[in-house]
1. Taking the criterion of being out of contact with any strand residue (DSSP E or B) (no Cβ under 7 Å at 6 or more places or on another chain) and either away from chain B (no Cβ under 14 Å) or assigned to a strand (DSSP E or B) (or both), would at least one residue in the stretch A:6-20 satisfy it?
2. Hey, does the stretch A:84-105 have a residue that's touching a helix residue (DSSP H, G or I) at 6+ places or on another chain (Cβ under 9 Å), under 15 Å from A:A32 (Cβ atoms) and touching a residue at least 12 places away in the same chain (Cβ under 8 Å)?
3. Does the stretch B:36-54 include one or more residues that are hydroxyl-bearing (S, T, Y) and closer than 21 Å to B:V171 by Cβ?
4. Can you spot a residue in the stretch A:244-263 that is surrounded by fewer than 18 Cβ atoms within 10 Å (Cβ to Cβ), under 15 Å from B:G303 (Cα atoms) and away from chain B (no Cβ under 12 Å)?
5. Identify the residue in the stretch B:264-296 that is of a type in the set (D, E, K, R) and either at the interface with another protein chain (Cβ under 10 Å from one of its Cβ atoms) or crowded, with 23+ Cβ neighbours inside 10 Å (or both) and, among all such residues, is nearest to B:C43 (Cα to Cα).
6. Considering each residue of the stretch A:216-243, count those that are surrounded by fewer than 24 Cβ atoms within 10 Å (Cβ to Cβ), on the phi > 0 side of the Ramachandran plot and assigned to a loop (DSSP other than H, G, I, E, B), and give that number.
7. Considering the stretch A:198-215 alone, what residues qualify as being facing another protein chain (nearest Cβ under 8 Å) and farther than 24 Å from A:L160 by Cβ?
8. On the basis of being open to solvent by less than 30 Å² (accessible area, probe 1.4 Å) and closer than 18 Å to A:G275 by Cβ, does A:T33 make the cut?
Number of protein chains: 2
Amino acid sequence: MNQSSVLIVGSVAYDDLEMPSGTFENVVGGAATYASIAASLFCPVRLVGVIGEDFPNVVIDDLVKRGVDTAGLERAKGKTFRWRGRYSKDLTSRETLDTQLNVFADFRPKIPEAFKSSPYVLLGNIHPALQLEVLAQIHKPKLVVADTMNFWITGEPKLLGEVMKKVDLLVINDEEARELTGIHNLVKAAQDIRKRGPSRLIVKRGEHGALYFDDAGTFYAPAYPLEDVVDPTGAGDSFAGGLMGYITRLDSLEHPAMRKAIYFGSALGSFCVEGIGPRRLLEVTQGDLKKRIEQFLSLVETGGPVGLPL
Amino acid sequence: MNQSSVLIVGSVAYDDLEMPSGTFENVVGGAATYASIAASLFCPVRLVGVIGEDFPNVVIDDLVKRGVDTAGLERAKGKTFRWRGRYSKDLTSRETLDTQLNVFADFRPKIPEAFKSSPYVLLGNIHPALQLEVLAQIHKPKLVVADTMNFWITGEPKLLGEVMKKVDLLVINDEEARELTGIHNLVKAAQDIRKRGPSRLIVKRGEHGALYFDDAGTFYAPAYPLEDVVDPTGAGDSFAGGLMGYITRLDSLEHPAMRKAIYFGSALGSFCVEGIGPRRLLEVTQGDLKKRIEQFLSLVETGGPVGLPL
């Protein structure tokens, strides 16, 4: 049987991270990088993005070894996209110090012919016009997921509306959901968003877990309460990648596939924050994953039926 | 078989609530009131508190009808404790506009003889010196729970330390846990708190649910994502009351009794916020409760085993 693949389109970057524990420069980052690493634990990955002349072949080789097809990773003249950020002492907020788009400024995603029939598609946080270009190039995917859209809610509301009509699952955080709809109550905001196109919606709440809304109802998955959070960079991307990887591997959208996938996404997000950049994520074994999923499940395990005592 | 009772000690009050939906004055409130109403859905309640001459008998009669023994509800000369608060538009924060301690200023809890052997004890957010006085009056309870202590963390740290040594379960919110320990990470803060006395700890996180720590590990129960939140006043007290009522009814501390109790506490908290003051809470039927618990469980139901697909 042919194993399904996931197509991941988004940024590949260098991050300079000013953490309370020290400054880490030239850390390999980018949404598509984190998502690809996470998804590759489950299924073959097709990566579409752009890098500059400065991006090392060894990193690409490592991705290839993990089962990431980099035929869509274009190497352009110039420097790789670079982001510099500073985290607060408690790691709950961060400030962008510098963004150098570099080769990412002129990025026009070209989907290789062999990628066009990918059944599962993850659109990273790129300009909605580019997201529409990607969707125009691919053939009848089973599931199109868009992840995060902070910049475009006020900047490109009309194009974003077009994208949303074509998206099956939208993955955003609570602030985005509120900003997009102007509704504070997340249950009502979710109803509003689902009317705009995506029949499925995940609202990420960082250390508070994730809410999932679909026709079967509302689902809640906690974030794993970690003792040592080192670097939250890429946690959301790892969540989306893990989720998509699991769904692609399962090759099913039957209820409750997505509920289970959210646990795997959360597990990958929880690994991601345990190391600087993608360091810990890259080391995750199937054994680690199994153990973390068990920990997640024990977190919500009531240990027997919760019946009324009356 | 004799049904176990829970002893609840705390404030009985009048609240003046300035809500986005309007101002509501002379609303019956107080931590012990909310907790007693919630607990009385499960078991007989013994209430210890103080009211002024202005407090209506009809409210007391209603509590008695619910199975609340008000023999420990002292009527003192003067006016009932009164709190006036204003909520933010999204109901996520509130500001105290006025606090009139009135008869609560001289409150010295006197535990009626018949209450002294209560196996389950809930100490509301009263001065730690008074909490110690309560504990000195009662005989070998099976479980002593203290709920919330915001004012005393900086004001009475030494006395609070004494209380904590005698408490089996501490119920506080995440801010209190961080302030008490000076540790931001909740997993580490929980370890620190559990070394100070309470072998069990619940960290309430409002709309983000509750974390529970004991020797069996960490447990997480979500808050129910409600469409219509009307008034958060008393939600934490209803949580504590529902939890204690359930445990008292079960009369067991065996794992996983507490995990289940947290669901019932969360359910009562979720009802509480659906009406102004205790209005909705007072109307909750066994049928409502059963339905809400089912909704809670479906929220974390993965719909089958979450196994690795590999």
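1. no
2. no
3. Yes: one or more hits.
4. The answer is yes; a qualifying residue exists.
5. Out of the qualifying residues, it is B:K290.
6. 0
7. Passing the criteria: A:H208, A:G209.
8. Yes: the conditions hold for A:T33.
The values are calculated or read from the model by the stated rules, or taken from the named source; none is laboratory data. Just so you know, these numbers come straight off a predicted model, no measurement behind them. Using ideal geometry, Cβ is built from the backbone for each residue, glycine included, and neighbour counts are taken over all protein chains shown. Protein only, heavy atoms only, side chains kept; ligands, DNA and RNA dropped before computing areas. Shrake-Rupley method; radii C 1.70, N 1.55, O 1.52, S 1.80 Å.
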